[in-house]
Structure formats: structure tokens, C-alpha cells
Amino acid sequence: MRSDAELVEAALQGEREAFGVLVHRYRRAACAAATDVLGDPHAAQDAAQDAFVAAYEKLGALRTGSAFGPWVIRIARRRALDMVRRQRPAVSLERTGDPPDCRGNGQLDEPSRLVLAAVMALPPHERRAVMLRYFEGLAVEEIARIAGRSVGTVSKQLTRARERLRKRLKDLEP
């Protein structure tokens, strides 16, 4: 079995099959990373495919061939975030009151419903930062890389989002 570094070098030398092996090796991980952002497996496949096209086009810029896996996964996340930026949600949770299927029985308790509705009401850039930080568990630095923003900007977005959530949830208390 050839290493990622060997496959990258072979692909750079024109061996198309080598890049095909890399695609096969990391296809599922790239789709999973995109699904984490998009929530839609079909859209995630599109983002992952775009990521592999971009990776192929920029393969020469990859400094270390052994880093191909994490690199293409980051590209897939960025492509997914680009898709999120371009789309608008068709239905707001606040209008329908229906939460996503987050538990085995498809039901959320009332406090969880309130928190989720409050998060979904945030401005898109703050909502994205909150989702990546608290739902995906990513570090601020990783969110900054994914979003193409500075760490300070992401930190400020999270601070503002927490303030909005605190105020909104306090207003909902009986």
C-alpha cells in the first residue's frame, strides 16, 4: 500500500490513478466533514467532489504529501461553508416550531427547543460560529480557518452570540 506522500508525488508526475486512490481513501472523510456543516448528505457529496477538484488543481501547492488527508478535509469543510453562505434556509424553526430530529425519538425537551430556536434566530455569521463551536466542538482557531476569518473576529462573533442568547433566553423566562 502506497503512502499519501508517494501517491501525491505520483499524481504530480501525471499518474491519474494515484490521485484516484487518494480520492477513494478520503472520500468518506471529506463527505463526513461536509455533512457536519451542511446536514444534507447529498449536498455534502457535491461539496466533497468540489473539494477533490480543487485539491487536484492545487496539488502542487501542498508542501507535505503526507498531509493530503487533513488538507482535503479542510477544503471540503470550506466548500460546505461556502454552500451555506450561498443558500438561505427554506423554513425557519421559529415559524414551524418543529425541531430537527436530534434524539432517537425525534423530540427535544422544552429547554432544548428554546435554546435551539434562539440559536437559529441569530444572524447567520454568529449562528455558524455557535454551531461549529458548541455543536461541532471545534476550537476557535479551527472555526477561524474554516470561515476564513481572524481568530479575533470569530471570538467577537461568539461573544456577541452568547450575549444575544443570554438576553433572548432571559426574556423567555416566566
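The values are calculated or read from the model by the stated rules, or taken from the named source; none is laboratory data. Predicted model only: the values in this text are computed from it and were never measured. Note: ideal-geometry Cβ built from the backbone for every residue, glycine included; neighbour counts use all protein chains shown.
Would you pick out the residues in segment 56-88 that are within 17 Å of the chain's Cα centre (by Cα) and aliphatic (A, V, I, L, M)?
Matches in segment 56-88: Val72, Ile73, Ile75, Ala76, Ala80, Leu81, Met83, Val84.
Residues being in contact with a Ser or Thr (Cβ under 9 Å, 6 or more places away or on another chain) and farther than 17 Å from Arg77 by Cα: count how many of those fall in segment 1-50.
4
Can you give me the number of residues within segment 81-129 that are modelled with pLDDT under 75, assigned to a loop (DSSP other than H, G, I, E, B) and not aliphatic (A, V, I, L, M)?
Residues in segment 81-129 being modelled with pLDDT under 75, assigned to a loop (DSSP other than H, G, I, E, B) and not aliphatic (A, V, I, L, M): 16 in total.
I'd like the full set of residues that are more than 14 Å from the chain's Cα centre (by Cα) and in contact (Cβ under 8 Å) with a residue 60 or more places away in the chain, limited to segment 1-39.
Within segment 1-39, Ser3, Asp4, Ala5, Leu7, Val8 meet the criteria.
Restricting attention to segment 37-72, which residues are among the hydrophobic types (A, V, I, L, M, F, W, C) and buried (at least 19 other Cβ atoms within 10 Å of the Cβ)?
Selection gives Val37, Leu38, Ala44, Ala47, Ala48, Ala51, Phe52, Ala55, Phe68, Trp71, Val72.
Looking for something more than 17 Å from the chain's Cα centre (by Cα), touching a residue at least 12 places away in the same chain (Cβ under 8 Å) and surrounded by 17 or more Cβ atoms within 10 Å (Cβ to Cβ) - is there at least one such residue anywhere in segment 120-141?
yes
Go through segment 40-77 residue by residue and tally those that are outside any helix (DSSP H, G or I) and in contact (Cβ under 8 Å) with a residue 12 or more places away in the chain.
Residues flagged as outside any helix (DSSP H, G or I) and in contact (Cβ under 8 Å) with a residue 12 or more places away in the chain within segment 40-77 amount to 2.
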